[in-house]
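To keep things clear, I will list the structure first and then write my remarks on it.
No value in this document is a laboratory result; all are computed from the given coordinates. In this text the structure is predicted, and so the values were computed from the model without any measurement. Every residue, glycine as well, gets a Cβ built from its backbone with ideal geometry; the counts of neighbours run over all protein chains shown.
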Amino acid sequence: MPKKKAKGDIQLYLLPPISFDGPRDKTTKPFASVSILDPVITIERHHGKYHVAARFNMETTILNYYENQKRDGHEYFFQDIRLQYWSSRPDEMLSMKPESDPSAALTVTRGTETKLSVGAEISLSETPSANVSLGLDRTRTLTVEYALSTWSLSAHRIIMPKTTEALSSRLPAGSKKKPPESGAKEQPVFQWFWAGTHRQTETLTPDLKYTVKRHVVAKRIIPIESFPSLREEKMEEEEPDETKEVSNNGPETTGVQDAPPPREEAKKTKSSEKAPRLNTLENLLQFTFHVEVRVRKRFGRFQRLIRLSGNQVKGKLLKPSCQQGFTLRAIPNRKGVPTDDTPDINALLNSIKNEYDGRWDELGDLDFFGLAGALKEVQVETERETERETLLDLERLREQETQTERG
């Protein structure tokens, strides 16, 4: 018999992975691929708000690395990776991960799935620093990320002009495909930009030449009173039924109303032309992104000599770049939406990080919710022990006060 879902559980929507390569140009062979791995959409409720988040690992790979190098002797390497979050609600409240870091960008080091040529080995370009981040993925296990100084990250909100152009005109030049539409014009709202630091370091590390994976979280925050599943139920209860007959004390109706005055009709027509309501559960469970990967082809010694450059990692930018729009979408299910407060995923991740500080390998394939539950039990037991010790201390103080009064 299946276990009945409790009201305070975090809702999970498990989604299939997405993969594509590019550029899709008749004159250019694809040189990069992008995989959206372990995607999941979560719904939490706490602190008076609902938190709806898309979580996934984005893996970018340079295709046929060794074949290209063997053919012409020139290495391919990443120039930069741009990921944009698109939305028809530019003013929505967001919480996005990862955050900007000009000196280091995080890279996932566990669970890499892309197969490379024989002899290619994915490894960290340097010893992992203390800057570690944990994330939740589709398999309910933890994604472990370490900071690498070979990348910098800029993450920021995009402020668009009031006169927003059509979706297709906002795509970067050379883009063949656009993100799927969701019934309203979408525009870029948030952007992550990872840039390689090879110009400064003058070195090419494995994460710049082969493949690199990042954990991304795009979270929408909605006040409880504005969340559609609750608001719509209330509206349905309050909405009058126009086809229902009025009591005998009033006139009868068949659901057909008299024509309103011209001015009122104009107002009605204008309001009906407005875009459909965007804050629905279906739209909240849909996240649209656009990714662009730029790759360079390393110059040979002769080319560097001609350019009078001693930098060994200079190269020609390959055009067009690899670009693609994609959408993560879950099928709405109001029965699964939590009606009571749930645990805070960020708080649980921080607790696990503190508990396993420096022992990341021990996490293995442990279930996130099982691990979080165990930590919660330990925390509750610790609080009980602290409470018992506090009561004992109070009892001792009372005894001392009693003895002092008698003396």
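Taking the beta-carbon count within 10 Å as an exposure proxy, list 24, 55, 406 from fewest neighbours to most.
On the way: 24 15, 55 25, 406 6.
The most exposed by this proxy come first: 406, 24, 55.
Just to verify a number: FRET efficiency for residue 314 and residue 390, C-beta to C-beta distance, R0 = 56 Å, to 0.05?
On the way: r = 66 Å, r/R0 = 1.17.
It comes to 0.30.
Put a dot 7 Å past each Cα toward the Cβ at residue 27 and residue 49; how far apart are the dots in nm?
Between residue 49 and residue 27, the label points sit 4.8 nm apart.
Suppose each label sits 7 Å from its Cα in the direction of the beta carbon; what would the residue 199-residue 158 distance come out to in nanometres?
A separation of 2.2 nm, rounded to one decimal place.
List the residues, sorted by chain then number, that are 5 or more residues from residue 50 or on another chain and whose placed amide H is less than 5 Å from its amide H.
Hits under the 5 Å cutoff: 222, 224.
How much FRET efficiency would the formula 1/(1 + (r/R0)^6) give for residue 94 and residue 366, where r is the Cβ-Cβ distance and R0 is 22 Å, rounded to 0.05?
Details: r = 30 Å, r/R0 = 1.35.
Step by step, r from the Cβ atoms, then E = 0.15.
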